[in-house]
Amino acid sequence: MPVAVSPNAILLPGAVLPQDLAYGALIEALGPDVGAHAKDLEVYATDESPSDYGLALEIDGVLREADASGIERFHLVGYSAGGAIATALAARHPDRLLSLALLEPAWIGNDGISDDERRIWRDFRELAGLPPDEMMLRFVRLQLAEGVAPPSPPPGPPPPWMAKRPAGIRAVTEEFTSYDLPSDRLRSFDRPVYFALGGLSNPDFHGRTAERAGELFEDFTLEVFAERHHFDPPHRAEPERLASSLQTLWRRAQQPVD
């Protein structure tokens, strides 16, 4: 009988919440047998977005985290901007990954995007010139299905880390619209890929991204969380269900190949 291997996973948050707030509930649901390493994005590693910011910087940061933890191959989980970074890493360093879990990634490359997606990306780029409060409100609305109300802001003054978010969002949005990620590198990725989609998210953006992911990846599983949307995601709202899905993915990924 094969010996069970405790999975090691690196979890990347989106461009708004820091890793502890994003993934605390999911890590608890995964339990102590999982080596879960939640990592903040490199765009927020300094007081201002790095002048040389790019996906290469984010990819290097993930690999540095893995190396520092003594992990050669790992499961990679990414939400929103973190999912985009995870996709780029899978294309550049597939040998380091056991599996890939995408939680409504903001971007999976620019090949084959629809006219609706192009329109939404134009809208994202136009946010750069808006005052921060208006920018964040429109950033949220663009990612929700029609008629879905945006979440209410938490009571009290904004936390200090929130001041970095508008600039960080601008930096990652610009990178996603210009980065060259050939689709053939994703088509050749042969590890299991899981995609979580919120049923209340914008179907012209996140729904179409899920469709393209299914066309790109060889071994692909889509799970729809009907009552969730991009700002009420399953890793925060349904962590036990998502943890179960991830454990299933990881067990299958770590099965020996005949």
- request: Determine the distance separating the Cα centre of the range 196-258 from the Cα centre of the range 75-103; give it in Å without decimals.
  value: 13 Å
task: Under a 10 Å cutoff between Cα atoms, tell me which one of PRO151, PRO105, PRO239 has the largest fluctuation in the Gaussian network model of the chain.
output: PRO151
message: Using Cα springs under 10 Å in a Gaussian network model of the chain, which residue among ALA226, ALA66, ALA213 shows the largest mean-square fluctuation?
response: ALA226
message: Using only Cα atoms and rounding to the nearest 10 degrees, what angle (0 to 90) does helix 19-30 make with the longest principal axis of the chain?
response: 30 degrees
- request: May I ask for the angle, rounded to the nearest 10°, between helix 132-141 and the longest principal axis of the chain, with both axes built from Cα atoms and the value confined to 0 to 90°?
  value: 60 degrees
query: What angle do you read, to the nearest 10 degrees and between 0 and 90, between the alpha-carbon axis of helix 239-253 and the longest principal axis of the chain?
result: 40 degrees
query: Can you tell which of GLU42, GLU134, GLU72 shows the greatest fluctuation in a Gaussian network model of the chain with Cα springs below 10 Å?
result: GLU134
Inter-label distance, nm, simple model (7 Å from Cα along the C-beta direction), SER178/PHE220: 2.9 nm
statement: Label model pair ILE113, ALA149: point-to-point distance (7 angstrom along the Cα→beta-carbon line) in nm is 3.2 nm
task: Report the antiparallel proportion of the DSSP beta bridges in the chain as a percent, rounded to a multiple of 5.
output: 10 percent
- prompt: Taking the Cα atoms of the range 110-258, what is the range of coordinates along each of the three principal axes, in descending order and whole Å?
  reply: 57, 35, 30
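Can you tell me what percent of all Cα-Cα pairs in the range 8-253 are more than 31 Å apart?
15 percent
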- request: Please list the non-local residues whose amide H lies under 5 Å from the amide H of TYR194, H modeled 1.01 Å from N, same-chain partners needing a gap of 5 or more.
  value: LEU100, ALA101, LEU102, THR221
- prompt: At what distance in angstrom do the alpha carbon centres of the range 140-187 and the range 22-71 lie from each other?
  reply: 17 Å
statement: Whole-Hz Karplus couplings 3J(HN,Hα) for the range 167-183, θ = phi - 60° and coefficients 6.51, -1.76, 1.60, Gly and Pro as x, run 5, x, 4, 4, 5, 6, 4, 4, 5, 5, 7, 10, 5, 8, 10, x, 5
task: Could you grab the relative contact order for the chain? Cα pairs under 8 Å, six or more apart, rounded to a whole percent.
output: 23 percent
message: Please compute the length gained on full extension between ALA163 and ARG251, using 0.36 nm multiplied by the number of residues separating them and subtracting their Cα-Cα distance.
response: 27.7 nm
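Readers should treat all values here as calculations from the given coordinates under stated rules, not as data from a laboratory. The model shown is predicted, which means the values in this text are computed figures rather than measured ones. FYI the Cβ positions are ideal-geometry reconstructions off the backbone, even for glycines, and counts take in every protein chain you see.
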